[in-house]
1. Return P(r) of the stretch 232-299 (all Cα-Cα pairs; 5 Å bins starting at 0; whole %; ordered from short to long distances).
2. In Å, the Kirkwood hydrodynamic radius of the chain over pairs of distinct alpha carbons?
3. Please compute, over every Cα-Cα pair in the stretch 115-264, the percentage with a separation greater than 19 angstrom.
4. So for each of 254-261, 267-274 I average, over its residues, the number of other beta carbons within 10 Å; can you give me the resulting order with the highest mean first?
5. Any idea what the dipole of the chain comes to, in debye rounded to 20, about its Cα centre with Lys/Arg Cβ at +1 and Asp/Glu Cβ at -1?
6. Just report the Cα centroid separation between the stretch 200-261 and the stretch 294-323, whole Å.
7. Over the stretch 195-252, what portion of Cα pair distances is larger than 19 Å, expressed as a whole percent?
8. Of all DSSP beta bridges in the chain, what percent run antiparallel (nearest 5)?
Amino acid sequence: MPRITMPQLGESVTEGTIGRWLKKPGERVERDEPIVEVITDKVNAEIPSPVAGVLERISAAEGTVVAVGQEIAFIAVPGEAPEAEEPPARPAAGPPSTSVPVAVRHSGEAPGGTVPRSSPLVRKLAREHGIDLRQIRGTGLGGRVTHEDIERYLAQGGGTAPLPDSDQDEVVIPTPIRRTIAERMVRSVREIPHAWLMIEADVTGLVRLREGIKESFRQREGVDLTYLPFVLKATAESLRENPIVNATWTDGKIIRKRAINLGVAIALDDGLVVPVIPRADQKSVTGLAHALADLVERARAGKLTLADMEGGTFTVNNTGAFGSVISQPIINYPQAAILTMEAITRRPVVIDEAIAIRSRVNLCLAFDHRIMDGAVAGRFLQSVRRRLEAWGPDSPVT
C-alpha cells in the first residue's frame, strides 16, 4: 500500500499545511488525480495521487502543519494486501522511507472534476447561500468559479437566503493561507524594528503620458498600461542608486543583494501573494507591464509556481488600487523595506505663488532601522520621486 508523504515543495520549504482534502477515505482515486491541497509560505499546490487505487487512510487532518517527509495518507492499490493501522510516521534518522515519490501540480493546473475549481472564500460564500457550485458556469481560467460568478448567480435569483442576522458572535476559523500570512507578519514585526517615511510626488506629466498612449499601448502590446510599471521602473533604478535599501539583516550582518528582484503584492479572494519579477532593473516599462500582467493573471488563476515566489529582494504594493492615500506597510521578511504606491489624486497646490490643480501621489516606505536610517530612506524616496516626476506627455515608453 503506497504511503503518501509531504513532498519537498521547494528548496527552502521544510513543512506545509494541509489545506483541504479533495478525496475522502474509501473513495476511488486515479493516477495523477489531485487528492489534497497543501499550503506553504511560498505557494499553494495540489498533490496528485502517484497511483490508482482507494484512499485507505488520512493521517493528517485539514489545518495540520506537516514536515517534509511525514506521512499524510495511504492509498490501497488493487491486488495488494492492506497494511495495519499505525501511528503517522515522523521524519527521523534511520533507513529511508519507502514512500512513493509525489509530483506537485500547482493549483489551477489540475484536471477538472464534477465540482469546478474555486477558492476557499468562494466555497464559503457558496455554503452560506446554499449554492451547489456545479450549478454555476465558472468564468475564471480553466472554468474556475470566481467571487463575481457567485454574486452574478445570486443577483439572478439563485441560491437560498443566508441565515438571519443575530447578536451572537461568529467564530471564523482562519484559512491556512491566512494563518501563514499572520505568522509571517508577526515574525516581521517581532524581529524587524520598523520605521516609516512618506513623500509626495507630482505625477501630472506621467498621468498625461499614460492617458495619451494607453489605448495604443493595449492594441500594440496586448496588455493594459497601468501606473504600476512606471513605479516599478523608478523603484528598480533607485535601488541600483541606493544599494543598501536592497539588502537583508542576516546573523548580525548586512547582506547587500546584487540582483534587484521586485516582489509585487497581489490581492486574491482568500489572501495575498507576492510573486517576484527577477532582474527588474534590466526591464523596460513595457517589459515590466508584460511581467506584471502575467503574474496577476496566473496568481488569480492559482497557477503561480514556487519559482515565481522565491528570490524577492524588495516589495512594492499598490495600495492605491483600493483608494488608500496613506498606509504603513509591514516589511516582507527578511527584506529591508517595502514601498506602497497610494492613489493618484488631483489636488490644489501652490506653484510660483499661484494655485494649480495637479495629480499627486503619496509614496510610503517602511524600512528596517537596523539596516538604514531616515536619511538613507529619504534619499531613496527622493530618487523614486525624481524619476516619476521626470515622465512627461512626450516621454518615450519602450
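FYI, it's all coordinate maths here, none of it is from the lab. None of these values were measured; they are calculated from a predicted model. Because the Cβ atoms are built from the backbone with ideal geometry, glycine has one as well, and the counts that use them run over all protein chains shown.
1. Taking every Cα pair in the stretch 232-299, the percentages come to 3, 16, 24, 20, 16, 12, 6, 2.
2. The answer is 23.8 Å.
3. Tail fraction, whole percent: 75.
4. Highest to lowest by the protection proxy: 267-274, 254-261.
5. Computed about the Cα centre, the dipole is about 1020 debye.
6. Measuring centre to centre over Cα atoms gives 14 Å.
7. 50
8. 90
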